Each structure stands twice: as structure tokens, then as C-alpha cells.
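Notes follow once the structure below has been shown.
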Amino acid sequence: MGIKSIVAIISRLSKRERTVLYVTAFFIGLLLLDRLVLSPILSKIDELDETISLQEDAIEQSLLIVTQEKRIEGESNLYISYLSQPEGEEKEVTKFLKEVENIAKKSSVYLIDIKPAGKDVDGVSTRYFLKLNFEAQMEQAFSFFHNITNYDQLLKIEGYEINPKTEGTSVITCSTSISKAFIPE
């Protein structure tokens, strides 16, 4: 079938039939235009709008973090004293021993025995332990415990046992275990 035969068929139709044919062809053309051209373009535009919306949300989150940068740095500076540069294990234990000895001296506690008692590695942090025995007045022992718990490093009293040195005296002997946590920067 050629174009001449199609024109011949259309020319034989009545005026009303030709109008119906043209209107039908027009609507079929619109339908094809919608399905083949407009729908893919509109769906691509919707997809791009959604991607843009997601990117805008991500940018807003990033801007929120950037605007909070000074506050975050200020807060991290508050906790920097709890972080430490990794040193050798021996140096860390020696440093820990000296810190406890200084606290004992400050609290007027007489150290009888102090020795390392191992370490515990827990993913992010490492905890070193000390066992120590000391003699002191009860007030001095409480001062020592208070100074340990309020030290600017992560020291913790793991356990203690207090006994009177002799009957009728205010001097006590105490065995305790102290730990220090190291969190690398």
C-alpha cells in the first residue's frame, strides 16, 4: 500500500467519516506523543527532582556540621586531657606509678607496696592496673581516694580492703587496686 492508495481510500469516505478519521488520528497521535516522548521526559524530570532533593538534604546536613565545627572543636578540647599519645607500655606503667605515688604523697599516705598488676585491652582503650598497700589515718585515706577519683586522668579505684593497723588506733592499712584507662588520639 502506497500513499496514493491511502489518499484514494480517504477520498472515497464521506465528509463525516473523514472528520471522525482525522479526529481519531489526532488523538492516536497525541497518545503516541505522550507515551513515546512526554512520559519518558517527565519521569526523568521526576527522578532528577528526587535526586536533587536528596542532595539538598545531604548539603544541609553538611552545612549543619560545618556551622557546628567550632562548638565540636571546643568540646573535643575539653576531653583532650583524657586522650594520650601511644607510648611504650613500660613508659605508660612507669608514668602511672609516678602519678599514684604523687597523689599518695599529696594525701600524706605512707605507701608500703606498689606494683603493676597487668592490663586489659578493650577495643578502643587499654586499662593498666596497680595493686598497692598503704598505711594512713582514716582522713588521709579518704583524701587519697578522693584525689584518685577526681584526678584529671581516667583513674578508677577498682576495689579496696581497709583494716585497722592495731586495735584502738586510728591508723589503718589498706589494700587497693587502681586502674588507668588510656584512649589513643
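Numbers at a glance
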| item | result |
| --- | --- |
| Mean projected area in nm² (Cα convex hull; one quarter of hull surface) for region 1-110 | 18.3 |
| Burial order of peptide ranges 126-138, 97-109 (average beta-carbon count within 10 Å, highest first) | 126-138, 97-109 |
| Estimated translational D of region 3-64 in µm²/s (Stokes, Kirkwood radius over Cα pairs; 4 °C; 1.567 mPa s) | 83 |
| Computed helical MRE - 222 nm, the chain, DSSP H runs ≥ 4 contributing -39500 (n - 2.57), nearest 500 | -17500 deg cm²/dmol |
| Between region 140-168 and region 1-46, the alpha-carbon center distance in angstrom | 95 |
| Members of 131/165; 98/119; 131/156; 98/165; 95/156; 70/180 lying beyond 24 Å, as alpha-carbon distances in this model show | 98/165; 70/180 |
| Rel. contact order, % - alpha carbon contacts under 8 angstrom, at least six apart, the chain | 18 |
| Helical segments meeting 15 Å axial Cα length and Kyte-Doolittle -1.0 threshold in the chain (DSSP H) | 15-33, 39-67, 138-149 |
| Farthest positive-ward along the chain dipole, Cα basis, beta-carbon charges - from 145, 109, 76 | 76 |
| Inter-probe distance in nm under a simple model that places probes 7 Å from Cα toward Cβ, at residue 23 and residue 175 | 10.7 |
| 5 angstrom amide H check on residue 158, placed H, neighbours 5+ away | 177, 178, 179 |
| Size of region 82-184 as Cα extents on the principal axes (Å, biggest first) | 48, 21, 19 |
| Added length on full extension, which subtracts the Cα-Cα distance from 0.36 nm per residue, residue 5 to residue 44 | 10.0 nm |
| Whichever aspartates and glutamates have a C-alpha closer than 19 Å to that of residue 91, once near sequence neighbours (fewer than 8 apart) are set aside | 99, 101, 120, 152, 185 |
| Debye log10 I(q)/I(0) at q = 0.10 Å⁻¹ for the chain, Cα point scatterers | -0.67 |
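Values quoted throughout were computed directly from the atomic coordinates according to the rules given, and no laboratory measurement underlies them. No experiment lies behind these values; they were computed from the predicted model shown. Cβ: placed from backbone, ideal geometry, glycine included. Neighbour counts: every protein chain shown.
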